[in-house]
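Accompanying notes for the structure given below.
The values are calculated or read from the model by the stated rules, or taken from the named source; none is laboratory data. Remember, it's a predicted structure, so these values are computed and weren't measured experimentally. Here Cβ is always computed from backbone atoms with ideal geometry, including for glycine, and neighbour counts include all displayed protein chains. To get the accessible areas, we keep the full protein, side chains included, count just its heavy atoms, and leave off ligands, DNA and RNA. Shrake-Rupley method; radii C 1.70, N 1.55, O 1.52, S 1.80 Å.
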Amino acid sequence: MTAARLAGYWVPMVVFGLLTWLESYVSIEHYPLVYMGKAAIVTTCLLLLRAPLADIRMKAGVMAPSVLIGLIVLILWVGIDRLVPYQHLGSRTAFDPTPLRGSSLWFAFLAVRFYGLVVMVPVMEEIFWRSFILRYLTQADFSRLAVGTFSAFALWVTVAGSALSHPEWLVGAVAGLVYALWLRRTGSLFATILAHATTNAALGVYVLATGQYQYW
């Protein structure tokens, strides 16, 4: 595997994590523009290092159940986080965009925010966790393994990684486990991306409808 192809699996995720960390030092009034800049940079990384996108192969038979699984994960995410008391790992920026209503930035920010939620993040995270890390921790020459083939050790490492990468670590772990098991069942990265995208889209709608901006 070439270095450029290998970089495509992890560079977008690392850049996203670094920019998210830097985001926490930006004053809240600048957050919309900073987030849009982050989306542009990460998307550029995904496109320039696009070789791993070949792992995503559309599979019509998994579409409906993937959407259903994505909605179930959303219900678990919100339900567990509200009903089970546990200490979060820090907090999100929790940006409330309602003061932007009536301005041109309102629609621009929401469009980019939902693009990030529904397209950029699911593609980036599923390529990193489910296509790369799951296989790499199973076999160093991971390109020889079919997507969806992984060891128990790799599974639990990725579940832990998903937990530690979210303030809501408990539901992050649940989501990571569900997506990985769905990948094992379908052998389709497309299926997990669609499930993940559905979860995030539904969460975005829930946030706007309820004002629970701590999930943003």
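Give segment 183-192 a look and list any residue that's open to solvent by less than 40 Å² (accessible area, probe 1.4 Å) and assigned to a helix (DSSP H, G or I), or say none.
Selection gives 183, 186, 189, 190, 191, 192.
Scan segment 103-117 and give yes if some residue there is open to solvent by 40 Å² or more (accessible area, probe 1.4 Å), outside any helix (DSSP H, G or I) and either out of contact with any Phe, Trp or Tyr (no Cβ under 9 Å at 6 or more places or on another chain) or at pLDDT below 95 (or both), otherwise no.
Within segment 103-117, one or more residues are open to solvent by 40 Å² or more (accessible area, probe 1.4 Å), outside any helix (DSSP H, G or I) and either out of contact with any Phe, Trp or Tyr (no Cβ under 9 Å at 6 or more places or on another chain) or at pLDDT below 95 (or both).
Taking the options 195, 173, name whichever one is surrounded by fewer than 22 Cβ atoms within 10 Å (Cβ to Cβ), under 13 Å from the mean Cα position of the chain (by Cα) and at pLDDT 95 or above.
173
Could you list all residues from segment 60-98 that are surrounded by 11 or more Cβ atoms within 10 Å (Cβ to Cβ), part of a helix (DSSP H, G or I) and not aliphatic (A, V, I, L, M)?
65, 66, 70, 77, 79, 81
Among the residues of segment 13-55, count how many are surrounded by fewer than 18 Cβ atoms within 10 Å (Cβ to Cβ) and farther than 30 Å from residue 94 by Cβ.
Here the count works out to 5.
Inspect segment 148-161 for any residue being hydrophobic (A, V, I, L, M, F, W, C), open to solvent by 10 Å² or more (accessible area, probe 1.4 Å), touching a Leu at 6+ places or on another chain (Cβ under 8 Å) and outside any helix (DSSP H, G or I) and give the result as yes or no.
yes
Within segment 134-147, restricting attention to residues that are surrounded by fewer than 21 Cβ atoms within 10 Å (Cβ to Cβ) and part of a helix (DSSP H, G or I), which residue is modelled with the highest pLDDT?
For segment 134-147, the residue satisfying everything is 136.
Applying the selection to segment 198-212, what residues are closer than 14 Å to residue 81 by Cβ and surrounded by fewer than 17 Cβ atoms within 10 Å (Cβ to Cβ)?
206, 210, 212 - these are the residues of segment 198-212 that are closer than 14 Å to residue 81 by Cβ and surrounded by fewer than 17 Cβ atoms within 10 Å (Cβ to Cβ).
Taking residue 57 as the residue in question, decide whether it is outside any helix (DSSP H, G or I), under 19 Å from residue 121 (Cα atoms), under 19 Å from the mean Cα position of the chain (by Cα) and modelled with pLDDT of 90 or more.
yes
At pLDDT 95 or above and not aromatic (Phe, Trp, Tyr): does that describe residue 14?
The answer is yes for residue 14.
Return the residue satisfying two criteria in turn: it lies in segment 1-12 and is open to solvent by 50 Å² or more (accessible area, probe 1.4 Å) and of a type in the set (A, V, I, L, M, F, W, C), and of such residues it is nearest to residue 119 (Cα to Cα).
Checking each candidate, the answer is 10.
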